[in-house]
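What follows is a single structure, written as structure tokens, with notes after it.
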Amino acid sequence: MKRNSDIEKELREISPVVAELGNDHVFQAPPGYFEDLPQKVLTLIKLNEEHTELPANEEIKQLSPLIAALKNKSALSVPPGYFNAFPQHITDKLKLAEREEETPVIRMNTGKKRKWMNYVAAAAVTGVIAISALFLLNTSSREAPPLAQNEDIQPVSSRLPEIADIDLAGYLSAVPETPEWLLENADAEFEQIAFLKIDDSNLSDLLKDIPDEILRNYEQDISVEVAL
Amino acid sequence: MAINHADDISLLQEFRNPATKEKAFTGIIKKYQEKLYWHVRRIVIHHEDANDVLQNVFVKVWKGLDNFREDSQLYTWLYRVATNESLTYIEQQKRKSSLSIDNEGSMVNQLAADKDFDASKIEWKLQMAIQQLPDKQRIVFNLRYYDEMPYEEMSRVLDTSEGALKASYHHAVKKIEDFILNH
């Protein structure tokens, strides 16, 4: 398509690159489209102006006697008895749907109980937050400098003069100082366990609850270790 | 298309009475089931699909009939529901199969899957020709050719001007004739 010279000049001033491009159509109309279009438009106008509508039978005979002649030839078929059973089938389906809608749905956690549960849930969440906060505080206090380097806390030795002698004497008398004190005050069973006083007489009592198989395995393990 | 509208009004009145509701609804089904079945069947092709769609149509009719406005005729409304339901169904099928139902091959294949299909018979050629049409044009052709629906009523069913429907029908008939003569 040849451009108008003024329009081409204008385009060239705006964009020489675009002006160099051709303005041919990239789209195509179907063959014969423009030849048939006037008749199609006239037919449409005529159809719109027609106020007397032909019956469908007459119309198809005029349009295409071939297609009109095929009208009574049915291709698709339907299963026998389908239309007799269909109304009952729909009625049953609707009744079933209604029954399903009417079935009461028992909801868990409704009413007062649900409110109560809400409070419990809220309290639980609050508790978790509080415990987490305490945990974090404790963690950060653990990361504090050692006591000796903490200027707020003085060494024990520097504060000893402030403690009365009578208090110190009371503290020392309450704390056991020697193993002998333990031997004097602990019972016989504690003494046996604490100082491993195990002999043949009490060994069988100690081992009676252990299965034989485990003992045999242990024995084998020990003998292997000794052999090595 | 001989429809007794007085009969429809009587059925609607009975439907609104709880004592006769179910009986009236059964009457509506009996009156329209075959017309609607064939309308749906010609769109969706297979009997099983048509049966599913028709059941959905009547379930929707049951739910919506209380709100049905009597300024439109019952059969027009039923056809509208059936058409929309059928088009929705084939749209769903398109999405499921990722195949275009407008695709000539897929529709002809669906038709060819029918147990009675015989491509040499003229009635099956007609069906194949109808399947070449776009959805809307196919529905216009079916409503006019098979159901003999007046354009005025069809205009209400399809929400399209009568002039556009007439033109659509004329184009459809010519396309079908060309197909039959050339195949």
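The values are calculated or read from the model by the stated rules, or taken from the named source; none is laboratory data. What you see is a predicted model, and the numbers here were worked out from it, not measured in a lab. Ideal geometry is used to build each Cβ from the backbone, glycine not excepted, and the neighbour counts take in all protein chains shown. Calculation scope for accessible area: heavy atoms of the full protein, side chains included, ligands and nucleic acids excluded. Shrake-Rupley method; radii C 1.70, N 1.55, O 1.52, S 1.80 Å.
Only one of the numbered conditions (1) away from chain A (no Cβ under 11 Å); (2) modelled with pLDDT of 90 or more; (3) touching a Leu at 6+ places or on another chain (Cβ under 9 Å) is not met by B:D52, and that is (3). Condition first: farther than 14 Å from A:I90 by Cβ, surrounded by fewer than 20 Cβ atoms within 10 Å (Cβ to Cβ), free of Cβ contacts under 8 Å to residues at least 60 places away in the same chain and within 19 Å of the chain's Cα centre (by Cα). Can you find one or more residues in segment B:3-22 that meet it? No, every residue in segment B:3-22 fails to be farther than 14 Å from A:I90 by Cβ, surrounded by fewer than 20 Cβ atoms within 10 Å (Cβ to Cβ), free of Cβ contacts under 8 Å to residues at least 60 places away in the same chain and within 19 Å of the chain's Cα centre (by Cα). Restricting attention to segment B:128-143, does a residue exist that is more than 8 Å from every other protein chain (Cβ to nearest Cβ), part of a loop (DSSP other than H, G, I, E, B), surrounded by fewer than 21 Cβ atoms within 10 Å (Cβ to Cβ) and at negative phi? Yes - at least one qualifying residue is present in segment B:128-143.
Beta carbons closer than 9 Å, at least 6 apart along the sequence or on distinct chains, never pair a first residue in segment A:85-104 that is closer than 15 Å to B:E34 by Cα and more than 7 Å from chain B (Cβ to nearest Cβ) with a second that is open to solvent by 80 Å² or more (accessible area, probe 1.4 Å) and of a type outside the set (D, E, K, R). Of all the residues in segment A:36-81, those that are at pLDDT 75 or above, open to solvent by 80 Å² or more (accessible area, probe 1.4 Å) and touching a helix residue (DSSP H, G or I) at 6+ places or on another chain (Cβ under 6 Å) number 2. Residues of segment B:60-74 that are within 11 Å of chain A (Cβ to nearest Cβ) and open to solvent by less than 30 Å² (accessible area, probe 1.4 Å): B:V61 alone. Of the residues making up segment B:34-59, those that are surrounded by 20 or more Cβ atoms within 10 Å (Cβ to Cβ) and free of Cβ contacts under 8 Å to residues at least 60 places away in the same chain number 10.
I'd like the residue in segment B:172-183 that is out of contact with any Ser or Thr (no Cβ under 8 Å at 6 or more places or on another chain) and open to solvent by 20 Å² or more (accessible area, probe 1.4 Å) and, out of all such residues, is nearest to the other protein chains (Cβ to nearest Cβ). Ranking the candidates gives B:L181 first.
Evaluate the following for B:Y169: is it in contact with a Gly (Cβ under 9 Å, 6 or more places away or on another chain), of a type outside the set (S, T, N, Q) and either without any contact (Cβ under 8 Å) to a residue 40 or more places away in the chain or open to solvent by less than 50 Å² (accessible area, probe 1.4 Å) (or both)? Considered against the rule, which asks whether it is in contact with a Gly (Cβ under 9 Å, 6 or more places away or on another chain), of a type outside the set (S, T, N, Q) and either without any contact (Cβ under 8 Å) to a residue 40 or more places away in the chain or open to solvent by less than 50 Å² (accessible area, probe 1.4 Å) (or both), B:Y169 comes out as no. When the residues of segment B:148-163 are filtered to those that are facing chain A (nearest Cβ under 8 Å) and open to solvent by less than 20 Å² (accessible area, probe 1.4 Å), which remaining residue is farthest from the chain's Cα centre (by Cα)? Across segment B:148-163, the extreme among qualifying residues is B:G163. For segment A:11-29, the condition holds for no residue, the condition being that it is modelled with pLDDT of 75 or more and within 30 Å of B:Q55 (Cα to Cα).
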